[in-house]
Amino acid sequence: MTPHNHAKAGDYAEVVLLPGDPLRAKWIAETFFDEARLVNSVRNCLGYTGTYKGKPVSVQASGMGQPSLSIYVHELINTYGVKTLIRVGTCGGLNAKVKVRDLVLAQAATTDSSIVKGRFGAFNFAPIADFGLLRSAAEKAEAAGMTYHAGNMLSSDIFYHANGMAGYDTLPQHGVIGVEMEAAALYTLAARFDVRALAICTMTDCLITGAEIDAEERQSSLKEMVTLALEVAIKG
């Protein structure tokens, strides 16, 4: 047990999906898991364990932003022995070629967060996904006919940027295709503790074109994303 998690040793599977939203964690468990059971409810950051196609798997809400995710990921790895972590979330688009409902596989994660750069002194550490998980996700998405893009994601600590798109203007010029708030910290912790991590996001609104999807489309696209993540989790 930890201050943020009252699960017992062995309550989590070695593979954990990480949505930010606690209610999305509940929805994933109830929609996709067999024999789902609640293992954590501290601060309503819900965690569940069950099986998917006969394989043990867990889901744990990570909250919003890199500081919150870092707490849960650190504890999942070091207290509960988790070996594979797959973020499942949404992102904004920073490239007009990435359309709403498309999947973004975060090959790497640029960030403005001191959580990453404060650790490395003079070095600019490049947080990257586990290649095996990334390759598996790309192959399974292609086989299922899902539209996906693998590339550099921005993990920002700022949701409402004071300068709007001007705050990001150099990033699309250098191939950054989406923006969210968690992947860089996830990848950094995975590297530090020698475990596997991947962030898979559904693009729900484009900061370039202004396109966005409604609630019904968002839910159906999330089903595709979670299905892909679970297939990678049990076979990747």
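Structural remarks
- Residue list for the stretch 2-38, restricted to those being under 18 Å from residue 226 (Cα atoms), surrounded by fewer than 12 Cβ atoms within 10 Å (Cβ to Cβ) and out of contact with any strand residue (DSSP E or B) (no Cβ under 8 Å at 6 or more places or on another chain): 23
- Test: residue in the stretch 59-80 that is over 21 Å from residue 131 (Cβ atoms) and assigned to a strand (DSSP E or B): yes
- Checked against the criteria, residue 197 does not count as of a type in the set (Gly, Ala, Ser), at pLDDT 90 or above, under 22 Å from residue 100 (Cα atoms) and crowded, with 21+ Cβ neighbours inside 10 Å.
- Note on the stretch 206-223: residues that are under 23 Å from residue 144 (Cα atoms), surrounded by fewer than 18 Cβ atoms within 10 Å (Cβ to Cβ) and in contact (Cβ under 8 Å) with a residue 12 or more places away in the chain amount to 3.
- Taken over the stretch 162-182, the criterion of being of a type in the set (Ser, Thr, Tyr) and either surrounded by 12 or more Cβ atoms within 10 Å (Cβ to Cβ) or touching an Asp or Glu at 6+ places or on another chain (Cβ under 8 Å) (or both) is satisfied by 168 alone.
- Residue count for the stretch 129-161, restricted to those that are in contact (Cβ under 8 Å) with a residue 60 or more places away in the chain and crowded, with 17+ Cβ neighbours inside 10 Å: 12.
- Residue within the stretch 15-30 that is touching an Asp or Glu at 6+ places or on another chain (Cβ under 7 Å), modelled with pLDDT of 95 or more and of a type in the set (A, V, I, L, M) present: no
- Scanning the stretch 83-98 for residues that are within 27 Å of residue 10 (Cβ to Cβ) and surrounded by fewer than 23 Cβ atoms within 10 Å (Cβ to Cβ) yields a total of 2.
- The single condition from (1) among the hydroxyl-bearing types (Ser, Thr, Tyr); (2) in contact with a Lys or Arg (Cβ under 8 Å, 6 or more places away or on another chain); (3) surrounded by fewer than 23 Cβ atoms within 10 Å (Cβ to Cβ) that residue 188 fails is (3).
- The sole residue among 87, 101 that is closer than 19 Å to residue 193 by Cα, basic (Lys, Arg) and in contact (Cβ under 8 Å) with a residue 24 or more places away in the chain is 87.
- In the stretch 1-42, residue nearest to the chain's Cα centre (by Cα) [restricted to those that are closer than 17 Å to residue 80 by Cβ and part of a helix (DSSP H, G or I)]: 25
The values are calculated or read from the model by the stated rules, or taken from the named source; none is laboratory data. Note that the structure is a prediction, hence the values are computed from the model and not measured. Neighbour counts run over all protein chains shown; Cβ positions are idealised from the backbone, glycine included.
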